[in-house]
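Below: one structure, written as structure tokens.
Since every read-out is calculated from the coordinates, none of them should be taken as a lab result. Fair warning: this is a prediction, and the values are worked out from it, not measured in the lab. No Cβ is skipped: glycine too gets one built from the backbone with ideal geometry, and neighbour counts run over all protein chains shown.
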Amino acid sequence: MSDNQTSPQTPASPAVRFEDFGLAPEILRALEAQGYTHPTPIQAEAIPIVLQGRDVMGAAQTGTGKTASFSLPIIQLLMQHANASASPARHPVRALVLTPTRELADQVADNVKAYSRFTPLRSTVVFGGVDMGPQTTALRGGVEIVIATPGRLLDHVQQKTISLGQTQLLVLDEADRMLDMGFLPDLQRIINLLPKQRQNLMFSATFSPDIKKLASSFLSDPVTIEVARSNATADKVTQVIYKVEEEAKRDAVVHLLRSRNLKQVLVFSNTKIGASRLSRQLEQDGIKAAAIHGDKSQAERMAALEAFKNGSIDVLVATDVAARGLDIAELPCVINYDLPYNAEDYVHRIGRTARAGASGDAISLYSDKDERQLVDIEKLIKHKFVPAQLAGFMPQPSRGSGERRRREDVDTRAGRSSYTPRKEKIDPWFLQPYEPSVSAAEPVAPQPAGGKSSIKSKVKVAALLGGLPKR
Ligand code: AMP
């Protein structure tokens, strides 16, 4: 355990019970069915405050039980409107939960469904990348609680398949990520469609000045709830960092997975291409892996997640955006293949492990190219790492420009003192002569008089081929 960890500021005492909040018997029954015995710290703090109708600014990471901390009181507050009428008009949208990613939307929706299953309240989820038809049918039938990603929600607003005029509760979940993803204008548009009089709840794992600005613009006299110090790394995560050669990272990951017999590992890559490449390479090395990132279709992402959850693959290689909010039970280990460009993502990444009270390992690999990111992370989490050595993968001492103090070797492989890159087999495809594809070989369309556009397209092609000579 590192010394930068924090304990919840107000730990839930085992004496606090869900029954103490005055929740409806239908909700308590659902919690029992979920196997929840006691509220987590954020639930113990947030539930009574939300039930009082107050706005909330919650500093909580995924894995703390924050979804139930807002869903349970929302369901309770909406119980007065619960009815079994078949008329859609009797089921207007009363609560809206906005999330940055489809995966998180899906997970929140699953939780809301589970917690409200014994009530007549209806909920649905809308996110992009899938057919709008079934979402439209669900919305037209009437739902009290909608969980949505901003873009697709606005599509439904435009198509007039949803009306938000009676929304009395708004939740911004993982607000920091929504800003990172450029959702601010969409959020503004959505907020303008809601009644002025409403209760607002905002959750964020990190608190940048931009998040504080957003909070002050739309929360009214909020109660701040902080279960872990903002920008602190998740409690119970053991963090280890290894310095390795950049070219050795792939083999280092394979070595870590094999030597420790690691299963259910989430590996983070900074880029979509990097994630795909690493997952393919791991497969070549005999490790069952899949990649999950923004260029994958929703169906592919769901299939990869499902395969990971049911154990048919051992490793999920993900980008930050795709991994955001993934709730995978008992995830024992995350590996940072690259250190994230944005230090706050480090906090999010390692928050994937040690969820809901379990403990976990966060292993990071860094090379000279990650040095700046490492400094940023250390500054953010106020903790100086002492890199451990991964025997056989250490950089040559002569190259260690910014060599750091090392602690005892925790991972020894006899007989190897520095990494020798593997000899890559070259795919014969790359050795074949270039042949234009059918579309590239298509005849050029007739040009208008003057040949202007012909020059333009030649310029483009020339630029693609490495630029035009200066005239
Ligand atoms: P969240 O932070 O909302 O993503 O929740 C993380 C995980 O903790 C989810 O798998 C929840 O189902 C689980 N969880 C939430 N609240 C409780 C609770 N009071 N007791 C046990 N598990 C919980």
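Collect residues whose amide H, placed 1.01 Å from N in the peptide plane, falls under 5 Å from the amide H of VAL171; neighbours closer than 5 in sequence don't count.
Here LEU96, VAL97, LEU98, LEU201 satisfy the definition.
Please work out how much length the chain gains when fully extended from LYS382 to THR271, using 0.36 nm per residue of separation minus the C-alpha to C-alpha distance, in nm with one decimal.
Computed gain between LYS382 and THR271 is 37.3 nm.
R0 = 41 Å: FRET efficiency of GLN158 with ASP210, Cβ-based, nearest 0.05?
0.90
Normalised by the number of residues in the stretch 237-393, what is the relative contact order in percent for Cα pairs under 8 Å and 6+ residues apart?
Relative contact order for the stretch 237-393 comes out at 34 percent.
Cβ neighbours within 10 Å, averaged per peptide: list 193-200, 314-321 in order, most packed at the top.
Those peptides, ordered most packed to least, come out 314-321, 193-200.
With label points built 7 Å along Cα→Cβ from the Cα atoms of ARG17 and ALA82, find their separation and express it in nm.
Reported label-point gap for ARG17 and ALA82 is 2.0 nm.
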